[in-house]
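See structure below.
What follows draws every value from the coordinates through simple rules; no lab data is involved. Note that this is a predicted model, so its numbers are computed, not measured. All Cβ positions, glycine included, derive from the backbone under ideal geometry; neighbour counts span all protein chains shown.
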Amino acid sequence: MTLIKSISGIRGTIGGNQGENLTPIDAVKYAAAYGRWVKEQRIKEDYRVVVGRDARISGHMMQQLVMNTLIGLGIDVVDVGLSTTPTVEVAVTLEHADGGIILTASHNPKQWNALKLLNHNGEFLNAEAGQKILDIAESGDITFAEVDDLGKIHINEAYIDMHIDEILDLELVDIKTIKKAGFKVVVDGVNSTGGIAVPALLEALGVQTVKLFCTPNGEFPHDPEPLKEHLTDLMEAVIKEKAHFGIVVDPDVDRLAFVDENGDMFGEEYTLVAVADYVLQHKPGNTVSNLSSSRALCDITEKHGGSYTASAVGEVNVVDKMKETQAVIGGEGNGGIIYPELHYGRDSLVGIALFLSHLAHQNSTVSELRATYPSYYMSKNKIELTPQLDVDAILESIEAKYTSEEINTIDGVKIDFAESWVHLRKSNTEPIIRIYTEAKSQSEADALADRFITEIKAVAKL
């Protein structure tokens, strides 16, 4: 059982002992700390926070605990109910709210839940704000409202539809061409809120939809991380239904992956590449992804005359770099699309709408579209270390060995070779080093990973 307190939010397993897991007491503790932080940002008479959840079994309980804690602080709550992470982000801005909380543990299994915390822009908190909330929680210095000053809960379950309306209004979402294409798509909603939102979006776009695991009951039918090894049912359904392609999202709908008409993975890394290709064709500009994302985005960006920038890992870091470089599209290689014309957050729904527009304009199959992009292959590994080892010193030693190569140290050590790269970074929560590699073939990516694992173990004397 686990409770992980980090600057990006609070997540853990449901049940067990307080302080060691995500219990009701822990939920109240951190929701109260967040509420005090919200009130410190702007001194005003009324405060409002949007709260939504994915379909996890513990979601209703957690949402009630969080909302009632906030009204106990004198903060009004907009309850959007079963929702998606990007929908809550959009709702914060439409409500002109002071913040938002999403109850979701993203791709983690059903025993997990979390409080994802947003600022008044509907964006994830930066490190300074996250640390402040952790400090408040540990201090216990929180004053609750008197009875006449309690907040109120306002229920608004229309925000998924409102989010979809915002997407349909985007200039690059070509509804007419999508409808004309006559697409048939299979949707794996992993029995969470993607099963509500994705079919609703597709219906609005005139796409024939076959639903697979779209009952939002929180009983995930497979590991909810949208990786190839978990998507056998979707792959088979695409072929059986003779669909144009398949769509899968994670439980809170901020990660997006596609399966082509042959039942093969389009490649989670290529979700962002394809959407960026479409956006850049119509609105040339810059792009951003994190250091662990595919080089293919850089290739596509430069092809369209733009400039690519890599950020540290983490959505908030990608967003900061996108604002700094005025990027027109960005995101993460795990299938996270950030399209700033809508909002600065990973959003599978806008990703689907832009991908469909791209495919309709190309008048090609999904496999044919994939073949137009550079082919790279990734290997993702980790090494477990003893807590006594100095991970920073190990990474510095590796960096010193490769000073003749192009090196980026904003987040661990990334070494760019002519035809490949390796990214080494330490975990913030456990004594491990993550090793991500990319090359022109899977065997080369695996061999590069093995090489660096051997070098790290030699330095660490493991």
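Here the label points at S427 and Q281, each 7 Å from Cα along the C-beta direction, are separated by 4.1 nm in the simple model. Rounded to the nearest whole Hz, the Karplus-based 3J(HN,Hα) values (6.51 cos²θ - 1.76 cosθ + 1.60, θ = phi - 60°) of region 165-175 follow the sequence 4, 4, 5, 5, 7, 5, 4, 8, 8, 8, 4, with x at glycine and proline. Length gained on full extension, A447 to D148, computed as 0.36 nm times the residue gap minus the Cα-Cα distance: 101.0 nm. Computed from the C-beta positions of N156 and H60, the FRET efficiency with R₀ = 22 Å rounds to 0.85.
Taken one residue at a time, the phi angles of region 355-360 give Karplus couplings (6.51, -1.76, 1.60, θ = phi - 60°) of 5, 4, 4, 4, 5, 5 Hz. Gly and Pro are set to x.
Applying 1/(1 + (r/R0)^6) with R0 = 25 Å to the Cβ-Cβ distance of L462 and A127 gives a FRET efficiency near 0.20.
On the beta carbon distance between K184 and S6, with R0 = 56 Å, the FRET formula returns roughly 0.85.
Straight-line reach from K440: taking Cα to Cα under 26 Å and skipping same-chain neighbours fewer than 8 places apart, the lysines in range are K228, K303, K380, K382, K401, K414, K426, K457. Fully extending the segment from H361 to S307 would add 17.0 nm, taking 0.36 nm per residue of separation and subtracting the current Cα-Cα distance.
Once the Cα-Cα distance is subtracted from the 0.36 nm per residue extended length, the S404 to E171 segment shows a gain of 79.4 nm.
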